[in-house]
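K.L.:
Please read through the structure below; I'll follow up with questions.
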Amino acid sequence: MKRHQIILDILAREKHVEVVDLCEQLNVSAVTIRKDLRLLEEKGLLFRTHGGASLENPYINERAVGEKEKISVEEKKE
């Protein structure tokens, strides 16, 4: 769906999105956005959070070194 791709594009840019912001941007209800986020999470494309979604799993406190090296790559290069 086009709406799903828009959500993923916003996430790629911002790393985290709120349901209310997506509702305003896409002109759909919160119920619709939550369904979209659930479907995208089931496909492994994002992680749902309280009130939104993120590209990073918010429930992992300690990550593997291989995963950590992929986070904030540009900042680490500096």
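K.L.:
Strictly greater than 20 Å: what percent of every Cα pair in the chain meets that?
P.N.:
34
K.L.:
Given a 1.4 angstrom probe, what's the average accessible area per residue across the chain, in square angstrom?
P.N.:
74
K.L.:
Let me ask something else. Amide H to amide H, which residues 5 or more places from residue 49 or on other chains are under 5 Å from it, using H placed in the peptide plane?
P.N.:
Counting only residues 5 or more places away or on other chains, the set is 54.
The values are calculated or read from the model by the stated rules, or taken from the named source; none is laboratory data. For clarity, every value in this text was computed on a predicted model and none was experimentally measured. Remember, those area values only see protein heavy atoms, side chains included, never the ligands or the DNA or RNA. Shrake-Rupley method; radii C 1.70, N 1.55, O 1.52, S 1.80 Å.
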